[in-house]
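**Student:** The structure follows.
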Amino acid sequence: MKNIIHPSAYIATGAILGNGVHVGPFAVIEDHVEIGDGCNIGPHAIIQPGVRMGRDNIVHPTAVLGGLPQDLGFKPETETWLEIGDGNVFREGVTISRATKDGGSTRIGNGCYLMSNAHIGHDCHVGDRNIFASNVALGGHVGVGDRVFFGGGAVVHQFCRIGSFAMLQGLAGINKDVLPFMMVGGRPGLHYRLNLVGMRRSGIEGDRLKAVSLAIRRLRDKIPLDDLPDTPELTYLRQWVGVMSKRGILPFVDIHKDSD
């Protein structure tokens, strides 16, 4: 499939473009960039050095991908990367920084949707099918699972982890880790209840949902999960809580109230 490149776009000689790539007016694609098949780079979008992008991504006007980390100790000559999977959408004004340490990568998975002016900081690792509403900001080194929804203006402190299937309220201020499957909100953030709608939309229902509900109650009450069934969700939850946290885990809004 033929590439369609507007005459006013700038593409560096060291950039590698796949097949069927569209590049709009005044877009900039710099050296040491790889763009996969079927990507659409909109007008005035800027793809900076160190970006490796999969196929079928859409980059809207004025997005800047692969910018230098906002880290005072970073040396611009350090070789780092922003690695992007397939089928993502980056709306107007989105900014994503590449990593800080030599050879390191900021990573975006597949099928994510980032709305206008969202920012993902250096060294973040973001999974698949996540939605970032407008003006969401992740500090550096944040880890995000799969199918997380970030409400508009939510802010996440550096080194926090956000578990899969979580939902963050708009304007939430997250300064500690967010458990998988949970809804959180407030400044500072608190765990409120299970993200029932998100789980059911993903096919987590019946006994599988009940097992997650029981597991979250036990975590709230600091009771081990050892004797609970080995569903896919609980296997993931056990693995997630088994990783040492750098920031700690957000508390529950009310330890005497059921989380579902």
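Coordinate-derived values only; no laboratory data. Owing to the predicted nature of the structure, the values given are computational and were not obtained by experimental measurement. Backbone-built Cβ (ideal geometry, glycine too); neighbour counts: all protein chains shown.
**Student:** Pick from GLY50, GLY103, GLY248 the residue whose mean-square fluctuation is largest in a GNM of the chain, springs joining Cα atoms under 10 Å.
**Tutor:** Fluctuation is largest for GLY103.
**Student:** Kirkwood-based Rg over Rh for the range 4-144 (C-alpha set), two decimals? Before the final figure, lay out each step's value.
**Tutor:** Details: Rg = 13.6 Å, Rh = 14.5 Å.
Over the Cα atoms of the range 4-144, Rg/Rh equals 0.94.
**Student:** Let me ask something else about it. Among GLY18, GLY127, GLY143, which one moves the most in a GNM of the chain with springs linking Cα atoms closer than 10 Å?
**Tutor:** GLY18
**Student:** Would you work out the charge dipole size for the range 4-144 about its Cα centre, treating the Cβ of every Lys and Arg as +1 and the Cβ of every Asp and Glu as -1, and quote it to the nearest 20 debye?
**Tutor:** Values: 8 positive and 14 negative charges, 52 e Å.
Charge dipole, the range 4-144, about its Cα centre: 260 debye, nearest 20.
**Student:** With every atom except the alpha carbons ignored, what do you get for Rg and Dmax of the range 139-198, in angstroms?
**Tutor:** 9.9, 29
**Student:** Amide H neighbours of LEU17 under 5 Å, counting only residues 5+ apart in sequence or on other chains, H built in-plane at 1.01 Å?
**Tutor:** Here the answer is ILE35, since their amide H atoms fall under 5 Å of that of LEU17.
**Student:** To continue, here is another question. Round to the nearest 10 and give me the degree value, 0 to 90, for the angle of helix 232-241's Cα axis relative to the longest principal axis of the chain.
**Tutor:** The answer is roughly 90 degrees.
**Student:** Continuing with the same structure: Please compute the contact order of the chain in relative form: average sequence separation of alpha-carbon pairs under 8 Å and at least six residues apart, divided by the residue count, as a percent. Numbers along the way, then the final one.
**Tutor:** Working: 761 pairs, mean separation 22.6, N = 260.
Relative CO of the chain lands at 9 percent.
**Student:** For the chain, modelled as a Gaussian network with Cα springs under 10 Å, which listed residue fluctuates most, ILE216, ILE16, ILE29?
**Tutor:** ILE16
**Student:** So, one more: Could you please report the charge total around HIS122, scoring K, R as +1 and D, E as -1 over all other residues with beta-carbon less than 15 angstrom from its beta-carbon? Before the final figure, lay out each step's value.
**Tutor:** Working: positive: LYS75, ARG98, LYS101, ARG107; negative: ASP71, GLU79, GLU83, ASP102, ASP123.
Overall, the nearby charge balance is -1.
**Student:** Which whole-Hz ³J(HN,Hα) couplings does the range 166-172 yield from phi under the Karplus relation 6.51 cos²θ - 1.76 cosθ + 1.60, θ = phi - 60°, glycine and proline marked x?
**Tutor:** Ordered by residue, 3J(HN,Hα) equals 7, 9, 9, 5, x, 6, 5 Hz.
**Student:** Starting from the amide H of PHE252, placed 1.01 Å from N in the peptide plane, find each other amide H under 5 Å away whose residue is 5 or more places distant or on another chain.
**Tutor:** Placed amide hydrogens put HIS191 under 5 Å from PHE252.
**Student:** Would you pull out the residues with amide H under 5 Å of MET182's amide H, same chain only if 5 or more places away, H placed 1.01 Å from N?
**Tutor:** ALA166, MET167, ASN195
**Student:** Output ³J(HN,Hα) for the range 209-216: one whole-Hz value per residue in order, computed from phi by the Karplus curve 6.51 cos²θ - 1.76 cosθ + 1.60 with θ = phi - 60°, and x for Gly and Pro.
**Tutor:** 5, 4, 5, 5, 4, 5, 4, 5
**Student:** Convert each backbone phi in the range 85-91 into a coupling constant with the Karplus relation 6.51 cos²θ - 1.76 cosθ + 1.60 (shift: θ = phi - 60°), then list the ³J(HN,Hα) values in order as whole Hz, x for Gly and Pro.
**Tutor:** x, 10, x, 8, 10, 10, 7
**Student:** Then there is this: Give me the extension gain from VAL241 to MET1: residue separation times 0.36 nm, minus the current Cα-Cα distance, reported in nm with one decimal. Present the calculation step by step, with values, prior to reporting the outcome.
**Tutor:** On the way: separation 240, 0.36 × 240 = 86.40 nm, distance 4.61 nm.
81.8 nm is the gain from fully extending VAL241 to MET1.
**Student:** What net charge do the residues around THR100 carry, taking every other residue with its C-beta under 15 Å from that of THR100, with Lys and Arg at +1 and Asp and Glu at -1? Intermediate results must be reported in sequence, preceding the final value.
**Tutor:** Values: positive: LYS75, ARG98, LYS101, ARG107; negative: ASP71, GLU77, GLU79, GLU83, ASP102, ASP123.
That works out to -2.
**Student:** Just from its helices, what would the mean residue ellipticity at 222 nm be for the chain, if runs of 4 or more DSSP H residues each count -39500 (n - 2.57) and the sum is divided by every residue, rounded to the nearest 500 deg cm²/dmol? It would help to have the intermediate numbers written out before the result.
**Tutor:** Working: 3 runs with 31 residues, N = 260.
-3500 deg cm²/dmol, from helical runs alone.
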